[in-house]
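See structure below.
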Amino acid sequence: MEIATSQIMKNIDRYCIDVLGIPGIVLMENASLTVMKNIQSNNKNFVIVCSSGNNGGDGFAVARHLFNRGNYVKVFSLGFEKNMSADTLVNFNIIKNMGVEIIKVNNNEDLKTLRESIIHCDMTIDSIFGTGLCREVKGIYSLAIKIMNNNSNYILSVDVPSGFECNSGKVMGICIRSNKTVTFGLYKKGFITYGADAFTGEIVIEKIGIPKKAVDKFHKNEYIMDIDFIQKLIKKRNKYSHKGDYGRTLILAGSLGFTGAAYIATQAAVRSGAGLVTLGCDTSIQTILSEKLVEAMTASTNDEKKLDSLITKSDCIAIGPGLGNNQTTLDLLEKVLLNSNCPVVIDSDGLNVLDGNLEMLKNKKHRIVLTPHIGEMARISGFSIDEINENKIDIAKEFAIKHNVVLLLKGFNTIITDGKALYINPTGSSAMASGGMGDCLTGIIASFISQGYDAFTAACVGAYIHGYCGDKLSQKMFCINANHIIEALPFIIKEIQNL
């Protein structure tokens, strides 16, 4: 699913209308029909709040379809007919001629009528502002939105919640708090902002007849991943293949008190299909982890000759989980970057030691994947957590381009980007909020790289599967830990492959 800004949507609409010759009112009609698809037939009484722009025109068209279906419909119109776009005015006049009740909201008495009507209806349909909103909502519009939020049984927003800035997800003074948002054509950039779901509710993307040619002309290579996309990326195994065909994975992880991180990352690599997995760790914890790991090998990072051999012979190296934020970790990371002949996944303390040492990334011979959470990203990038949350896409892309890395920025709507393409992972939930989840993801990504996936693809597939495991398990479990994910991995990968 493509991601779009308000300007991209404006360009697409203009191209469809002016160049391809698709009448705007046809797109408006298609939009209203997709909204109807998302309204259950058991809802009988509706209040639709519209304005003079094209978003209001969508609402007037929905009112017509509901009225024709035999529902009770009351329309409240904010703004003046003289300010309506041509297509909006057509739909306004149609419902007026049909006898749909229309109340023009101009004063406090009209607002009281709006409130009473909303209290007694099954659903409020928000069709005030669309993707073009760029100013703070004030006056009678603000009062109407407040009434809708405080008195509605259920709110469905058309395209975006009114008061929601399409690009940033910011609230423009006040915003509708929707139960469902039916958005058209492309996923809106602001929807991925932390906290946006409190205003959008469930998001449904509907096609309204925009040709692929128009989307491709203006879209900027930013996507939301879905299961069909991931299924196509997962490789089928040849029946004649052997463990050597699925790569050698080296995990450099763990320290006293943090053996769990090393175990989780290593076991995740094993369970997601790597052919041969070796954990490199300090001698002080090697015995402990050798007893826990059955399918993976262990090696001491204190044995320089052995370590050098593993680094040069691996197909992917993951470094960081539980190593400690210290000089030893920094030295180990530098050795890996200087001597490895394969992609490197850097997580946890591997990221922490990069703080102030980003020039080390210039020494790489192959692709690097960085997997920071927001706090780690703030430390290595210099941006504050708030700045990152407010502008994740642009900050992530700029960082990836500047340092020539694949960046996987973890959190709500995880971002994966190499600076040129960007993918958002929609899977995962708060049920997974526990220690070790990041270590688990690191092992999965390293495993897929070892199996022959390029670093960017491995990061996308790994993030999606990791979150999808959590989503599936959370249907029956209140909370999920990394071991639950590890146990489920081979079953979930096969399930996705066989869909």
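Helix 259-271 and the longest principal axis of the Cα set of the chain meet at an angle near 80°.
Put a dot 7 Å past the Cα of residue 327, heading toward its Cβ, do the same for residue 241, and the two dots end up 4.4 nm apart. Listed from fewest to most Cβ neighbours within 10 Å, the set 215, 62 follows the order 215, 62.
Within region 323-405, all pairs of alpha-carbon atoms sorted by distance into 10 Å bins from zero give the percentages 18, 53, 26, 4. Once the Cα atoms are used to define both axes, helix 54-68 deviates from the longest principal axis of the chain by about 70 degrees.
With the biggest extent put first, the Cα atoms of region 195-316 measure 62, 43, 24 Å across the principal axes.
If each residue of separation counts as 0.36 nm, what is the full-extension length gain between residue 83 and residue 477 once their alpha-carbon separation is subtracted? Provide the component values of the computation, followed by the final result.
Numbers: separation 394, 0.36 × 394 = 141.84 nm, distance 5.31 nm.
Using 0.36 nm per residue and subtracting the Cα-Cα distance, I get 136.5 nm.
Find, to one decimal place in angstroms, the Kirkwood hydrodynamic radius of region 121-226, where the mean of 1/r is taken over every pair of different Cα atoms and then inverted. The partial results should precede the final answer.
Numbers: mean 1/r = 0.0700 Å⁻¹.
Evaluated over region 121-226, this radius sits at 14.3 Å.
For region 18-219, the pair-distance distribution built from all alpha carbon pairs, in bins 10 Å wide starting at 0, is 9, 39, 39, 12, 1 percent.
Taking the Cβ-Cβ separation of residue 365 and residue 136 as r and a Förster radius of 45 Å, what is the calculated FRET efficiency to the nearest 0.05?
Working: r = 51 Å, r/R0 = 1.14.
Efficiency computed from Cβ-Cβ geometry: 0.30.
Translational diffusion of the chain, estimated by Stokes-Einstein from the Kirkwood radius over alpha carbon pairs at 25 °C in a medium of 0.890 mPa s, is 99 µm² per second. Helix 482-497 axis versus longest C-alpha principal axis of the chain: approximately 70°, rounded to the nearest ten.
In sequence order, region 390-402 has phi-based couplings of 7, 8, 4, 4, 5, 5, 4, 5, 5, 5, 4, 5, 4 Hz under the Karplus curve 6.51 cos²θ - 1.76 cosθ + 1.60, θ = phi - 60°, and Gly or Pro positions carry x. Dividing the radius of gyration of the alpha carbons in region 391-455 by their Kirkwood radius gives 0.99 for Rg/Rh.
For region 327-346 and region 26-63, what is the separation of their Cα centres, given in Å? Going from one Cα centre to the other spans 56 Å.
With all projection directions averaged, the alpha carbon convex hull of region 227-497 covers 13.5 nm².
If you wrap a convex hull around the Cα atoms of region 112-178, how much volume per residue is inside, in Å³?
Values: hull volume 4.6 nm³, N = 67.
It comes to 69 Å³ per residue, whole-number rounded.
Using θ = phi - 60° in the Karplus curve 6.51 cos²θ - 1.76 cosθ + 1.60, the 3J(HN,Hα) couplings for region 366-376 round to 9, 4, 10, 10, 9, 10, x, 7, 4, x, 5 Hz; x is entered for Gly and Pro.
Annotation: amide H of residue 188 within the under-5 Å range of 4, sequence separation 5 or more or interchain, hydrogens built in the peptide plane. All alpha carbon pair distances within region 395-499 were sorted into 10 Å bins beginning at 0; the resulting P(r) in whole percents reads 15, 47, 30, 8, 0.
At a Förster radius of 45 Å, what calculated FRET efficiency corresponds to the Cβ-Cβ distance of residue 494 and residue 10, to the nearest 0.05? Could the numbers behind the result be given before it?
On the way: r = 44 Å, r/R0 = 0.97.
Step by step, r from the Cβ atoms, then E = 0.55.
Backbone geometry of region 349-364 corresponds, through the Karplus equation with coefficients 6.51, -1.76 and 1.60 at θ = phi - 60°, to 3J(HN,Hα) couplings of 5, x, 6, 4, 6, 6, 4, x, 10, 5, 4, 4, 5, 6, 8, 6 Hz, x marking Gly and Pro.
FYI, it's all coordinate maths here, none of it is from the lab. Everything quoted here is computed from the prediction, not taken from an experiment. Don't worry about glycine lacking a Cβ; one is built from the backbone with ideal geometry, like all the others, and counts go over all protein chains shown.
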